[in-house]
């Protein structure tokens, strides 16, 4: 099933566009416009069943999880040099904050310095999800929650924080009476896919996103077996191969039989 965004989604993005231009991020702005003129992308929908026992690998530093506060926001998304590394992601994170979507958690060090942030969203906030993200996610069922907006503090890269932090945040879904936790990752983002797998997530659906002349069409598909094989190959430990985005469309076509 496909869904097409209205023009409202384009106008909603003007704030982000203005921010990128104001901060001199012209190449990022150009790439965002180019993407909306015409592009196709694919993402795995990943899911974790909290009823299944799973133990994520520990980070190389001690962390614990708590809700985000204003000081965390400035450390992670403020005007510091470390926060300027990826202006597109910073805009994305601030937009979710501005939409007042609950609840954002942070992983913090023993000195209470934030090193990772991510939202855990209940099905009760389906309206806010659909209003802000414009059908990019399927509506949540009563026993489901959504993880979105993962962002790691660049100062803490290479410490294995994502798998442990994401796993601990996902487990807080039990407080929302949720059994399943969903998240979405572009199929070419092998590093994030590996992190999600180490956090207990496995693919359950495929999302196709198509932009044409500033209109976005989103559709969801069962997982093709060949693509699922590619996923397991690419996310295995020590895997170096990457998924060929141009070959994904072929996986969506019916397989011919001899």
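The values are calculated or read from the model by the stated rules, or taken from the named source; none is laboratory data. This one's a predicted model, so the numbers in the text were calculated from it and none came from an experiment. For neighbour counting, all protein chains shown are included, and Cβ atoms are generated from backbone atoms with ideal geometry for every residue, glycine included.
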Query raised in the report: So residue 71 clears everything in (1) surrounded by fewer than 18 Cβ atoms within 10 Å (Cβ to Cβ); (2) in contact with a strand residue (DSSP E or B) (Cβ under 7 Å, 6 or more places away or on another chain); (3) more than 30 Å from residue 216 (Cβ to Cβ) except one condition, right? Which one?
Result: (2)
Query raised in the report: Within region 193-237, which residues are part of a loop (DSSP other than H, G, I, E, B), under 22 Å from residue 136 (Cβ atoms) and within 19 Å of the chain's Cα centre (by Cα)?
Result: 199, 201, 223
Report task. Determine whether region 100-107 contains at least one residue that is crowded, with 19+ Cβ neighbours inside 10 Å, out of contact with any helix residue (DSSP H, G or I) (no Cβ under 6 Å at 6 or more places or on another chain) and either at pLDDT 95 or above or closer than 23 Å to residue 205 by Cα (or both). Result -> yes
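Kindly indicate the residue of region 171-184 that is within 14 Å of the chain's Cα centre (by Cα) and surrounded by 21 or more Cβ atoms within 10 Å (Cβ to Cβ) and also nearest to residue 50 (Cα to Cα) among those meeting that condition. Before the answer, list the steps.
Pass one, region 171-184, residues within 14 Å of the chain's Cα centre (by Cα): 181-184.
Then drop every residue that is not surrounded by 21 or more Cβ atoms within 10 Å (Cβ to Cβ), which leaves 181-183.
Values: 181: 8, 182: 11, 183: 14 Å.
Checking each candidate, the answer is 181.
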